[in-house]
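Everything on this sheet refers to the single structure shown next.
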Amino acid sequence: MRQDTITFLLLTATVVRSAPVFIVSPEAIEYISPSRSLDVVCTTQDPSRITWHENDANKTLITSKFTVTTISDRSSRLHLADATSLTLGELNAGRFCRATDTSDGSFTNSTVFVLNQGVAPTIGTAPKNPKEDDEGNDVTLQCSFAAIVRPVGDIFWKFTAKGTTERVDVWTNTTAILANPLMLSNIQRNEAGTYTCYVRNEFGIASASAVVTVRYKPTVTVSFIPSSMVKKGSSVTVRCRSDSFPAASVHSLFRNGVVIPENSPTKAPSNTPTETIIEWSYMITGSNETEGKYVCEANNRVGSGQSSEQELVVLLPPEAPTIVAPGAFDVCWSAGFLGRPPISNFSVSCTSKVNGACSKKPADFNLEVLATNFMMVNSITGVLCADVSGPSADYTCTISANNGAFDVSTLPTDVSTRPGKPGPVQISEATNVINTGFTLSWCVEFSGSMKPLISTIIGGVSDDKATHFYDAQTQQGSTIVTGLEPNTEYKLQIRVTNSLGEAVSNELTQRTTCVPDALNVTDAKAMIDNQGMVNITFTDARTGPCNLNNEYVIRNGDTIWATVRGERQDNIVTITFQPVQDVLSDTELTIATKNGNNESQRSAAVSLQLPPDPIDDPTTGPVDNPTTDEPEFCRENHSHAGFISAIAVLCVVILALVIVIVVLSCRRSSTFKLESTTRQQAAGEAGYEAVDFPAGDKSVSMTKSRIYGVAGL
């Protein structure tokens, strides 16, 4: 075999290094703190050897006054414990650090620095204290460093609101500047307080403060104690309050635009050095003269302020109610329109003097009539009327009224309703319910000589579908309703009317009988188990409230075999029952659906057959084509024909013996008479066809399905 020659090429890489780079190095001037100590740090990006030098670049700084500390392989610190030991020449000497790359000797020098004495800052220009201005003006506060600051730091402001102790940042400048004014534009009263300026550098901080006062005109409010709504004759205090700076010196109280004679104000205590709040009050007695709209006004040298308009309402008692002639209504009365506020709540308590034949109430009963039953019929004379809504009879009534402040009432007064007007109607029950109708039983309370002229039904039913009956002696009525839509909900009432008025019954919700839709069986299957139970499954695609949770009626001719509630999973229904007689041959059955007493007007016809004989069942007979599941000695071997023929004969004999044993076993265990016409059907197959047959006196459309079962062995 030929050997390949492999040549290796060695490449030498030359790494070019750059001089060390400082990431931390001294400033040109390093300030010494008042404690006379100093720390200067040099740090490089990559590992380096760091040395410190003075003046001569090749001379390493070696002195007992300075200490060098290696922080890491990239960083070194120069420390001076006491600067007072340095001479003037040593203070002004230039020093620097050098970073040397240990691999190639390249180096970098830091900035040369000299030492200088740091000075803490002091305030140069302080803000004017105190500072006053009017609300809405612009205010400027000045602040700066003193002339000599080393190094220059920054200026920032903090604010403490008037009456508080919390300081909040107002403005901060981190740029090194010597002056920084604070601008307050459109100053408001809540910006009054103490503003403090701070100047700082790394060696100290100084501050100066100014109290800023904002002058503003009065803000005025008015209130009533105890309430802005008082009864006539009660006392009320009108209280005015003014908030301003300086405090208001002039104050007034107006009612309906007219000034009320001045009274002495009461100053409110103040927790601040300057008072801003004053209050003054006025005692009045509620009457027609003192009610009205009140306004408080206050003035100071900045301006004038007024409160919003507030109304004092004096409640006046209404006139006592007076019974008047009822006219077209049951009860009328006159009262209260001169009161304030107008009548808002009233009632009529009446006692009847007759029995109510419909309500079966005793001779005397009380009936309260709410304010909502009344309506105004004469606004000039203040007449309100109401329907008592009780039996047509004579009443003794007491009328009470209230306007939220005063109660008034009448003495018991006899009031007679006009005879002959229908009273309350009550529906007692709904009977004789059929698929499209029912009968309502009701009664109406009525007295007098005039009978009700019209009885109607209301609630979505036309009156031509209702027939009404009424017995004036018993005050009992009935209404027969026919021709309604099945499976529909109605909310019904009975209305009884004559020339004097009408009465409407309570509302009755009635749902007509729910009739299931016609049943159409699909995908039907049947099984007869070892216990002789009939199992039928089929698809029932009907929906709606009348088609769910139905019972199923199974008939053989006119004989009902079973009435059962099937198990339903989605649209698949399973029915299991024990047949009422032995099944000896194919049996024609019908399946109807039932909801309560109502049976669907269309059923499904199904054919229940006996199971096929396993001997004739092609699914269990001999197999023409051998498979790999056959015994090894039954398989065909074309290269050994004679041997295979012998094996085939043996297989036929064995198969014949097995068939004889199976037939004898099946004849002993079967409980059904097998018909030759049914043995050719395959178990599990199903079909159906539509037929018509009479059901009672109706011609009913049917569906016929042929379903095959399997007998247990």
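The values are calculated or read from the model by the stated rules, or taken from the named source; none is laboratory data. Because the structure is predicted, anything quoted here is derived from the model rather than measured. When we count neighbours, we look across all protein chains shown, and the Cβ atoms used for this are built from the backbone with ideal geometry, even at glycine. Ligands, DNA and RNA are stripped out before the accessible areas are found, and what is left, the full protein with its side chains, is counted by its heavy atoms. Shrake-Rupley method; radii C 1.70, N 1.55, O 1.52, S 1.80 Å.
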Task: Cα→Cβ-extended label distance, 7 Å offset, between VAL250 and GLU166, nm - done: 4.0 nm
- [ ] Please give the contour-minus-distance gain from LYS293 to VAL152: 0.36 nm per residue of separation, less the Cα-Cα distance, rounded to one decimal in nm.
- [x] 44.3 nm
Open item on the list: Taking 22 Å as R0, compute the FRET efficiency from the Cβ-Cβ separation of LEU91 and ASP39 and round it to 0.05.
Closed with: 0.85
- [ ] Hey, can you grab everything whose amide H is under 5 Å from the amide H of VAL313? Only 5+ residues off in sequence or another chain; H modelled, so Pro and N-termini drop out.
- [x] MET229, VAL230
Task: Local net charge near ALA57, Cβ-Cβ under 12 Å (Lys/Arg +1, Asp/Glu -1) - done: +1
Task: Added length on full extension, which subtracts the Cα-Cα distance from 0.36 nm per residue, GLN306 to ILE23 - done: 95.0 nm
Task: Calculated FRET efficiency for the pair ALA320/THR467, C-beta based, R₀ 35 Å, to 0.05 - done: 0.10
Task: Of all accessible heavy-atom area on segment 41-195, the percent that carbon and sulfur account for (1.4 Å) - done: 50 percent
Task: Two-site label geometry, SER72 and SER103: point separation in nm, points 7 Å out along Cα→Cβ - done: 1.9 nm
Open item on the list: Whole-Hz ³J(HN,Hα) for each residue in segment 205-221, computed from phi via Karplus 6.51 cos²θ - 1.76 cosθ + 1.60 with θ = phi - 60°, x for glycine and proline: what do you get?
Closed with: 8, 9, 9, 8, 10, 9, 8, 9, 10, 10, 7, 8, 6, x, 9, 10, 10
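Cβ neighbours within 10 Å, averaged per peptide: list 153-161, 70-78 in order, most packed at the top.
153-161, 70-78
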Task: Calculated from backbone phi, Karplus (6.51, -1.76, 1.60) coupling profile of segment 93-102 in Hz, x at Gly/Pro - done: 5, x, 10, 7, 10, 10, 10, 10, 6, 6
Task: Cβ crowding within 10 Å averaged over residues, with 488-498, 178-188 ranked highest first - done: 488-498, 178-188
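Can you sort TRP171, TRP280 by 1.4 Å-probe accessible area, starting with the largest?
TRP171, TRP280
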Open item on the list: Taking amide H atoms as placed 1.01 Å from N in the peptide plane, list the residues 5 or more away in sequence, or in a different chain, whose amide H sits under 5 Å from that of GLU132.
Closed with: THR213
